[in-house]
Each structure stands twice: as structure tokens, then as C-alpha cells.
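K.L.:
Could you have a look at this structure, given as C-alpha cells, before my questions?
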Amino acid sequence: MESQQEESAAAAALDMIKVLEITSEGHKGTKESSDDRSEVASGKQTTDWLTDLDEVEEILHYKFKNKKLLEEALTHASFSDQCFSYERLEYVGDSVLNLLFTKEQYFLYPDLPPGALTRLRSANVNTEKLARVAIKHKLHRYLRHKMPLLEEQIREFSLAILDYPLHSNGLVDAPKALADIVEAAIGAVFIDSNFSIDVVWKIFKDLLEPIISQETLKVHPVTELYEVCQKRNLKVKFVDLWKENMAFDVFIDDQFVGRGIYGLKKEIAHNRAAENALNNIRKILSEKDCSDVDEHNIYRVEN
């Protein structure tokens, strides 16, 4: 099943490339019309915005032939009433990025089964991983938007990831807009480079570092909790209290062992509950193992 999903994802990305190539002549026509769009009010002078685009090109180490693509990649839908935002480029970039990691990992890990390849790819293209890329290279400073809460969310995210150098595995809330502009930038380069996945990989491979490898990939806390308990024939139960108090409780063999609280996303509260339960169950099991060893030593001394 996972093998079929892997093949379907790669096939879908390749089909998309073929469609884009077929319609490339039509896109050339849209370049001219995009230049005729009325200027969007931005709070910055036009010259300042052009300077910003130059700075982003320096970050990417890529000079755009059509700079409107880069402008589009950095514009959130909230910024203008016009149909001009990064959403279409994000769609393209998402497919291209998945294809690039599929290709890279297929040859890098020749003995890895499809399921493991899928998990590894997902870890490198998910929202948190790409949001980290935006923060690391300061791409968020160039995002045009009118979302009053985003700046605070970015600040909280920037602080939260300090506790998780590589990835939090679902414990930190990553602003989706940060990941979106990375994917949109990938889509913009892909189209501007005449649909060259080789050019895209050359530009973004270093920007995406550190790339999560098979050796550095960590198990998701919910998965790990079930695995730990399964080995010891322990029953895990999550109690959903999110609507009442933004929390999840975890019981193991009907004993309360952990809680996770987060109000903005139910999934993160669930993940944090699993992580808290894991930390507590490890302490309990460690103490039990030590107790078993002590009892064994006492028995040996007495006999």
C-alpha cells in the first residue's frame, strides 16, 4: 500500500511537470499581463520592495528572469484583494519538493523499504521543517501579509525550536505561512528556470540543511508511546478533553500518566500528552527495573 502511495506521489509530480511544460508558452503570455497589475499597497516604497527582492535573490543565490514570480512567492493572500498570492506557486513547489526528495532518497538508501522512505521524506518536507528553513535564512522578513497575529506566532516559534535543534516531532506549533513561502519560492525557481528540477535541487539543497537522515530521524512521540507499551503488554488510552480545557490525558492500564495542553491546535496537545506520558512512564519503568534488580540481588545474598 505504501509502495503504491510512493509511486502515485512521484507519478503525480511528473504529470504536473509535463502539464507545466505543455503550458509554458501560455505562461509566457501571463508574464506580460502580470507586469500590468496595479501596484499593491504595501507600507513600503516601491524601491524598498525591489531592494527586498534583490536581497531574497542573494539568499537564494539565484537571479530571476521574471521577478514577478518572486514577488508572488512572497505575497500572502491577506495582503491584497487582488488574486495575487503565493498559493499557486506553493502548490507547484510542494509537488516539486516531494519529487526531489523521492529521487534523492531512492538512490541514497537503496535498501530502505517504501514505508521508511515515506517517513523520511515526510520529516524533511513537513510544515515545521520548512518553517525552520524560513527562520534560518530570514525569509519571513520579506513576507507581505496583513495577519496581525503572525508576527507573534513567528516569535514564539523561533523561541520554541531552540529546545529542539533538529525537529520537535509535532511538539511545536509552526506557522504554516513560513513553510508556504519556502514551497512557493521553490515553485517560483522551478518555473523561472524553465521547469528544471536539477536547478531547484542545486539551489535549495543547501538551504534545506540540516536534512534529516535515517540516522537522525526520530520516532513520533505517539508512535513511540504505543511501541513502548506494546512491548510490555500495557494498554494506552487517550482521553480527549480539548474542547473543555484544551488538553489530552493519557492513561496506561487505567492509571493516569500524562497530560498535554495546547489551545491553538488539537494535534499538538495530543502529541504533548504522549511526550509527557513517555517521560513519566520511562521514570516508572526505570524505577521498577531498579527495584527488580535490587530484589534479585537480595535473593542471591540470602541464598
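The values are calculated or read from the model by the stated rules, or taken from the named source; none is laboratory data. It should be emphasised that the depicted structure is a prediction, and the values quoted were computed from it without experimental measurement. Positions of Cβ are generated from backbone atoms using ideal geometry, with glycine treated the same way; all protein chains shown enter the neighbour counts. Remember, those area values only see protein heavy atoms, side chains included, never the ligands or the DNA or RNA. Shrake-Rupley method; radii C 1.70, N 1.55, O 1.52, S 1.80 Å.
K.L.:
Can you tally the net charge around LYS265? Count Lys and Arg as +1, Asp and Glu as -1, for every other residue whose Cβ sits under 14 Å from the Cβ of LYS265.
P.N.:
Values: positive: LYS176, LYS243, LYS266, ARG272; negative: GLU128, GLU156, ASP173, ASP240, GLU267.
Neighbour charge sum, excluding LYS265 itself: -1.
K.L.:
Heads up, I need the accessible area for LEU150: 1.4 angstrom probe, whole protein in place, Å², nearest 10.
P.N.:
Rounded to the nearest 10, the figure is 10 Å².
K.L.:
How much solvent-accessible surface does CYS83 expose, in Å² to the nearest 10, with a 1.4 Å probe and all protein chains in place?
P.N.:
For CYS83, solvent-accessible area is about 130 Å².
K.L.:
Also, quick follow-up: Roughly how many debye, to the nearest 20, is the charge dipole of the stretch 76-177 about its Cα centre, given +1 on each Lys and Arg Cβ, -1 on each Asp and Glu Cβ, and no other charges?
P.N.:
Values: 13 positive and 12 negative charges, 52 e Å.
So the magnitude is around 240 debye.
K.L.:
Can you quote the Å³ per residue value for the convex hull of the Cα atoms in the stretch 169-281, rounded to an integer?
P.N.:
Working: hull volume 14.4 nm³, N = 113.
So the per-residue hull volume is 128 Å³.
K.L.:
Right, here's the next one. How large is the accessible surface of TYR226 in square angstrom, using a 1.4 angstrom probe and rounding to the nearest 10?
P.N.:
Per-residue accessible area (TYR226): approximately 110 Å².
K.L.:
Show LYS205, LYS129 ordered by accessible area, largest first, where the area counts protein heavy atoms only and the probe is 1.4 Å. Mind dumping the intermediate values first?
P.N.:
Values: LYS205 75, LYS129 5 Å².
Result of the area sort, largest leading: LYS205, LYS129.
K.L.:
Report, to one decimal in Å, the Kirkwood hydrodynamic radius for the stretch 230-286 based on all distinct Cα pairs. Write out the running numbers ahead of the final one.
P.N.:
Working: mean 1/r = 0.0886 Å⁻¹.
Its Kirkwood hydrodynamic radius stands at 11.3 Å.
K.L.:
Sticking with this structure for a sec: Compute, for the stretch 122-239, the length of the dipole vector about the Cα centre, with Cβ point charges of +1 (Lys, Arg) and -1 (Asp, Glu) only. Units Debye, rounded to 20. If you can, show how the numbers build up before the last one.
P.N.:
On the way: 16 positive and 15 negative charges, 55 e Å.
In debye, rounded to 20, the stretch 122-239 gives about 260.
K.L.:
What nm distance separates the two modelled labels at GLU287 and LEU108, each placed 7 Å from Cα along Cα→Cβ?
P.N.:
The two pseudo-label positions are separated by 4.2 nm.
K.L.:
Over 25 Å between Cα atoms, which of LYS129/LYS202; LYS136/LYS283; LYS136/LYS218; LYS136/LYS202; LYS231/LYS265 qualify?
P.N.:
On the way: LYS129/LYS202 19 Å; LYS136/LYS283 35 Å; LYS136/LYS218 21 Å; LYS136/LYS202 18 Å; LYS231/LYS265 30 Å.
Long pairs (Cα-Cα over 25 Å): LYS136/LYS283; LYS231/LYS265.
K.L.:
Before I look further, what does the stretch 156-225 give for accessible area per residue, probe 1.4 Å, in whole square angstrom? Intermediate values should be presented prior to the final figure.
P.N.:
Working: 2910 Å² over 70 residues.
Solvent-accessible surface per residue comes out at 42 Å².
K.L.:
Separation of the stretch 219-279 and the stretch 52-69 by C-alpha centroid, Å?
P.N.:
Their Cα centres are 44 Å away from one another.
K.L.:
Report the Stokes-Einstein translational diffusion coefficient (µm² s⁻¹, integer) for the stretch 122-214, Rh taken as the Kirkwood radius over Cα pairs, at 37 °C with viscosity 0.692 mPa s.
P.N.:
On the way: Rh = 13.9 Å.
It comes out at roughly 237 µm²/s.
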